[in-house]
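Trainee: Handing you this structure, nothing more for now.
The values are calculated or read from the model by the stated rules, or taken from the named source; none is laboratory data. Just so it is clear, the model here is predicted, and its values are computed rather than measured. All Cβ positions, glycine included, derive from the backbone under ideal geometry; neighbour counts span all protein chains shown.
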Amino acid sequence: MRVAVLGAGAWGTALAVLLASKGVPTRLWARRKAQAEALQAMRENRDYLPGVAIPAYLYPTHDPEEALEGAELAVVAVPSKALRETLAVLPPAPWYVSATKGLFYGGEGVRTPAEVVEALTQRPVVALSGPNHAEEVARFLPTASVAAGPEDLARRVQALFSGPTFRVYTSRDRRGVELGGAVKNVLALAAGMVDGLRLGDNAKAALLTRGLREMVRFGTALGGEEATFYGLAGLGDLLATAYSLHSRNRMAGENLVRGVDREALEARGVVEGLYAVKAMVAWGKEQGVELPVAEAVHRVAHEGLDPLAALKALMAREPKEE
Ligand SMILES: NC(=O)C1=CN([C@@H]2O[C@H](COP(=O)(O)OP(=O)(O)OC[C@H]3O[C@@H](n4cnc5c(N)ncnc54)[C@H](O)[C@@H]3O)[C@@H](O)[C@H]2O)C=CC1
Ligand SMILES: O=C(CO)COP(=O)(O)O
């Protein structure tokens, strides 16, 4: 039994390290040939996950056929914007685990990464999501995650990834699990703006608590179960991300406040909240649903509004009952 991990960024590498350290033969597909060769030669992913040794059972490759050869399943860990083109260039796997956190919006409404993988491959897909920073998972710090999807395959993912430092719960609410993981990135951008503006702990707690309500409103309207958003893949991931020094989303919020330009924001890695917020706001407009925090993040990140003005506007909203 072999596993293919698609995407040699921080998360793909961390998941591949986790599996290989359990003795699971794992092939890690890197988009760029030079990157696969560097991983082979140095036994370390210096660009995306420095300081973590690549175990012997992990084989990095750029060759699509080699990556998928004999794989029982493929773990998709590329940024959401690269999902379609990645699956287009790779041979199919029997089934998939989607570890990507993102949101798509188009003619068919809101779609999650696992739904996109399922539509493109016509194979079963389990989503793996939770408060899971790659830097900590790869260093074997205690972590919990959720495998959501068809029960038999979710259990298989649980057995495959579980170990002394990685505890996997199963869930049937794949949509809720993925919506939680996408919305928390938008809220982490807002949290980073509060940090950057030095508005204090009260402001950050208020923003995240109201943001959690927004996650629940958005997520349940789209078919997620309310309890999922108060679990690991919702509140859990929101806490991990919004208070983290690792988080690229939170850091991008801080950098937006400092006037760092839009292109430079992703210097440390993909910032999924910048894309997810577009899908959230487009859906809210179409459905006539208010999403005040997401709308504020959108105005700052994509329309050039001053962050302080956006936060003042949130404070000045019509008084209401909690
Ligand atoms: N870093 C983390 O701690 C976690 C990340 N995730 C999610 O995993 C996904 C990937 O994130 P990271 O690995 O952190 O990203 P990263 O920024 O560390 O790496 C991105 C990887 O994608 C590749 N890439 C960029 N554009 C591409 C394209 N057009 N086609 C194919 N490959 C492309 C890059 O070469 C690089 O290997 C995201 O959706 C993220 O939200 C989920 C949980 C934890
Ligand atoms: O999803 C993550 C932690 O669960 C990673 O967060 P960032 O993408 O903000 O770094």
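Trainee: If you go through segment 256-309, how many residues are of a type in the set (A, V, I, L, M, F, W, C), farther than 22 Å from LEU245 by Cα and without any contact (Cβ under 8 Å) to a residue 12 or more places away in the chain?
Mentor: Selection size over segment 256-309: 2.
Trainee: Hey, could you check segment 1-50 for residues that are within 19 Å of the chain's Cα centre (by Cα) and among the β-branched types (Val, Ile, Thr) and say which is surrounded by the most Cβ atoms within 10 Å (Cβ to Cβ)?
Mentor: VAL5
Trainee: Hey, among LEU120, LEU141, which residue is surrounded by fewer than 23 Cβ atoms within 10 Å (Cβ to Cβ), assigned to a loop (DSSP other than H, G, I, E, B) and either within 13 Å of ligand 2 (Cβ to nearest atom) or aliphatic (A, V, I, L, M) (or both)?
Mentor: It is LEU141.
Trainee: Give the residues of segment 137-157 that are within 18 Å of THR241 (Cα to Cα), within 15 Å of the chain's Cα centre (by Cα) and not polar (S, T, N, Q), sorted by residue number.
Mentor: VAL137, ALA144, VAL146
Trainee: So PRO292 clears everything in (1) touching a His at 6+ places or on another chain (Cβ under 7 Å); (2) surrounded by fewer than 20 Cβ atoms within 10 Å (Cβ to Cβ) except one condition, right? Which one?
Mentor: (1)
Trainee: May I pose another question? Any chance you could count how many residues in segment 113-162 are under 22 Å from ARG84 (Cβ atoms) and either in the same structural domain as ARG248 (by TED's automatic domain parsing) or not aliphatic (A, V, I, L, M) (or both)?
Mentor: Within segment 113-162, residues that are under 22 Å from ARG84 (Cβ atoms) and either in the same structural domain as ARG248 (by TED's automatic domain parsing) or not aliphatic (A, V, I, L, M) (or both) number 9.
Trainee: Here's a follow-up. Taking PHE104, is it closer than 18 Å to LEU28 by Cα and buried (at least 17 other Cβ atoms within 10 Å of the Cβ)?
Mentor: For PHE104, the condition - closer than 18 Å to LEU28 by Cα and buried (at least 17 other Cβ atoms within 10 Å of the Cβ) - is not met.
Trainee: Could I ask something else about it? What are the pairs, 6+ residues apart or on separate chains, where a residue within segment 78-97 that is more than 24 Å from GLU151 (Cβ to Cβ) has its Cβ under 8 Å from a residue that is among the acidic types (Asp, Glu)?
Mentor: PRO79/GLU272; SER80/GLU272; PRO91/GLU65
Trainee: Could you check how many residues of segment 98-109 are out of contact with any strand residue (DSSP E or B) (no Cβ under 7 Å at 6 or more places or on another chain) and more than 13 Å from ligand 2 (Cβ to nearest atom)?
Mentor: Total meeting the criteria: 5.
Trainee: Restricting attention to segment 83-102, which residues are in a helix (DSSP H, G or I) and over 13 Å from the mean Cα position of the chain (by Cα)?
Mentor: If the condition is that a residue be in a helix (DSSP H, G or I) and over 13 Å from the mean Cα position of the chain (by Cα), then ARG84, GLU85, THR86, LEU87, ALA88, VAL89 are the ones that fit.
Trainee: Continuing with this model, one more query. Restricting segment 301-313 to residues that are more than 17 Å from GLY273 (Cβ to Cβ) and outside any loop (DSSP other than H, G, I, E, B), which is modelled with the lowest pLDDT?
Mentor: If we take residues in segment 301-313 being more than 17 Å from GLY273 (Cβ to Cβ) and outside any loop (DSSP other than H, G, I, E, B), then LYS312 is modelled with the lowest pLDDT.
Trainee: For segment 65-84, indicate whether the set of residues that are touching a strand residue (DSSP E or B) at 6+ places or on another chain (Cβ under 8 Å), buried (at least 20 other Cβ atoms within 10 Å of the Cβ) and either among the charged types (D, E, K, R) or at pLDDT below 95 (or both) is non-empty.
Mentor: no
Trainee: Could you tell me which numbered condition ALA14 fails, if it satisfies all but one of (1) in contact (Cβ under 8 Å) with a residue 40 or more places away in the chain; (2) over 18 Å from ALA134 (Cα atoms); (3) not acidic (Asp, Glu)?
Mentor: With (1) in contact (Cβ under 8 Å) with a residue 40 or more places away in the chain; (2) over 18 Å from ALA134 (Cα atoms); (3) not acidic (Asp, Glu) applied to ALA14, the lone miss is (2).
Trainee: Are there any pairs, at least 6 apart or on different chains, whose C-beta atoms fall under 7 Å, with the first in segment 133-149 and of a type in the set (Ser, Thr, Tyr) and the second more than 13 Å from ligand 1 (Cβ to nearest atom), and if so, which?
Mentor: Sorted first by the residue in segment 133-149, then by its partner, the pairs are THR143/THR165; SER145/VAL168.
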